[in-house]
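This report concerns only the one structure given below.
The values are calculated or read from the model by the stated rules, or taken from the named source; none is laboratory data. Since the structure is predicted, the reported quantities are computational estimates derived from the model, not experimental observations. Cβ placement follows ideal geometry from the backbone for every residue including glycine, while neighbour counts extend to all protein chains displayed.
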(Lines give C-alpha, C1' and ligand atoms only; values in the text may rest on other atoms or scores of the structure.)
Protein backbone atom coordinates (compact mmCIF):
# COMPACT_ATOMS: atom_id res chain seq x y z
CA UNK A 1 0.00 0.00 0.00
CA UNK A 2 1.24 3.48 -0.89
CA UNK A 3 2.09 5.83 1.92
CA UNK A 4 -0.44 8.70 1.64
CA UNK A 5 2.12 11.16 3.01
CA UNK A 6 4.35 10.58 -0.02
CA UNK A 7 3.01 12.97 -2.64
CA UNK A 8 3.41 12.15 -6.28
CA UNK A 9 4.81 14.97 -8.38
CA UNK A 10 5.43 15.65 -12.03
CA UNK A 11 4.68 12.83 -14.45
CA UNK A 12 3.86 10.48 -11.55
CA UNK A 13 0.91 12.60 -10.44
CA UNK A 14 -2.43 11.17 -11.64
CA UNK A 15 -3.55 14.59 -12.92
CA UNK A 16 -0.29 15.33 -14.77
CA UNK A 17 -1.04 16.89 -18.15
CA UNK A 18 -4.74 17.26 -17.38
CA UNK A 19 -6.33 20.71 -17.66
CA UNK A 20 -7.47 22.30 -14.41
CA UNK A 21 -11.15 22.18 -13.67
CA UNK A 22 -12.79 25.48 -14.54
CA UNK A 23 -13.13 27.62 -11.43
CA UNK A 24 -10.52 25.61 -9.51
CA UNK A 25 -8.13 27.60 -7.36
CA UNK A 26 -8.12 31.27 -6.57
CA UNK A 27 -8.19 33.79 -9.43
CA UNK A 28 -5.24 36.15 -9.75
CA UNK A 29 -5.61 39.57 -8.18
CA UNK A 30 -4.74 42.32 -10.61
CA UNK A 31 -2.76 45.14 -8.97
CA UNK A 32 -1.70 48.65 -9.84
CA UNK A 33 1.84 49.74 -9.00
CA UNK A 34 2.76 53.42 -8.82
CA UNK A 35 6.46 54.23 -9.06
CA UNK A 36 6.93 57.49 -7.15
CA UNK A 37 10.33 58.11 -8.83
CA UNK A 38 9.04 58.02 -12.43
CA UNK A 39 5.31 58.76 -11.87
CA UNK A 40 4.57 55.64 -13.92
CA UNK A 41 1.48 53.57 -13.15
CA UNK A 42 1.65 49.92 -14.21
CA UNK A 43 -1.14 47.34 -13.94
CA UNK A 44 -0.06 43.70 -13.50
CA UNK A 45 -2.21 40.59 -13.87
CA UNK A 46 -1.10 39.21 -10.49
CA UNK A 47 0.85 39.96 -7.35
CA UNK A 48 3.43 37.34 -8.35
CA UNK A 49 3.94 38.98 -11.72
CA UNK A 50 4.45 42.42 -10.15
CA UNK A 51 6.89 40.96 -7.63
CA UNK A 52 8.87 39.25 -10.40
CA UNK A 53 9.15 42.46 -12.46
CA UNK A 54 10.03 44.59 -9.41
CA UNK A 55 12.48 41.93 -8.18
CA UNK A 56 10.89 41.64 -4.73
CA UNK A 57 9.26 38.75 -2.88
CA UNK A 58 5.52 38.44 -3.52
CA UNK A 59 4.96 38.16 0.24
CA UNK A 60 6.09 41.80 0.58
CA UNK A 61 3.18 42.90 -1.60
CA UNK A 62 0.76 40.56 0.20
CA UNK A 63 1.84 42.02 3.57
CA UNK A 64 1.48 45.55 2.16
CA UNK A 65 -2.22 44.79 1.63
CA UNK A 66 -2.64 42.72 4.81
CA UNK A 67 -1.21 45.51 6.96
CA UNK A 68 -3.16 48.22 5.08
CA UNK A 69 0.02 50.12 4.31
CA UNK A 70 -0.25 53.58 2.77
CA UNK A 71 3.43 54.54 2.74
CA UNK A 72 5.36 53.64 -0.42
CA UNK A 73 7.24 50.34 -0.19
CA UNK A 74 10.97 51.10 0.04
CA UNK A 75 9.98 54.76 -0.34
CA UNK A 76 9.18 54.13 -4.01
CA UNK A 77 6.24 51.83 -4.83
CA UNK A 78 2.60 51.98 -3.80
CA UNK A 79 0.28 49.05 -4.51
CA UNK A 80 -3.45 49.05 -5.07
CA UNK A 81 -5.81 46.18 -5.89
CA UNK A 82 -7.25 46.83 -9.31
CA UNK A 83 -10.62 46.33 -10.91
CA UNK A 84 -9.99 44.82 -14.35
CA UNK A 85 -13.04 46.57 -15.81
CA UNK A 86 -11.36 49.98 -15.99
CA UNK A 87 -8.32 48.66 -17.80
CA UNK A 88 -10.39 46.67 -20.30
CA UNK A 89 -12.57 49.74 -20.87
CA UNK A 90 -9.45 51.83 -21.53
CA UNK A 91 -8.07 49.26 -24.00
CA UNK A 92 -11.37 49.10 -25.88
CA UNK A 93 -11.53 52.90 -25.99
CA UNK A 94 -8.05 52.94 -27.55
CA UNK A 95 -9.07 50.26 -30.07
CA UNK A 96 -6.74 47.62 -28.63
CA UNK A 97 -7.76 43.96 -28.13
CA UNK A 98 -8.90 43.82 -24.50
CA UNK A 99 -9.01 40.02 -24.41
CA UNK A 100 -5.35 39.56 -25.33
CA UNK A 101 -3.25 38.14 -22.50
CA UNK A 102 -0.12 40.19 -21.90
CA UNK A 103 2.31 40.38 -18.99
CA UNK A 104 1.35 44.03 -18.44
CA UNK A 105 -2.16 45.07 -19.41
CA UNK A 106 -1.93 48.86 -19.09
CA UNK A 107 0.78 51.40 -18.43
CA UNK A 108 -0.28 54.95 -17.65
CA UNK A 109 1.99 57.90 -16.97
CA UNK A 110 0.93 60.61 -14.55
CA UNK A 111 1.48 64.18 -15.59
CA UNK A 112 2.23 66.68 -12.88
CA UNK A 113 2.02 65.90 -9.16
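Observations on the model:
- Subset of the stretch 38-53 that is under 13 Å from residue 81 (Cβ atoms) and assigned to a strand (DSSP E or B) - its residue that is nearest to the chain's Cα centre (by Cα): 44
- Condition met for residue 33 (surrounded by 19 or more Cβ atoms within 10 Å (Cβ to Cβ), free of Cβ contacts under 8 Å to residues at least 60 places away in the same chain, in contact with a helix residue (DSSP H, G or I) (Cβ under 8 Å, 6 or more places away or on another chain) and part of a strand (DSSP E or B)): yes
- Which listed residue is part of a helix (DSSP H, G or I), modelled with pLDDT under 60, surrounded by 11 or more Cβ atoms within 10 Å (Cβ to Cβ) and in contact with a strand residue (DSSP E or B) (Cβ under 6 Å, 6 or more places away or on another chain), from 106, 87: 87
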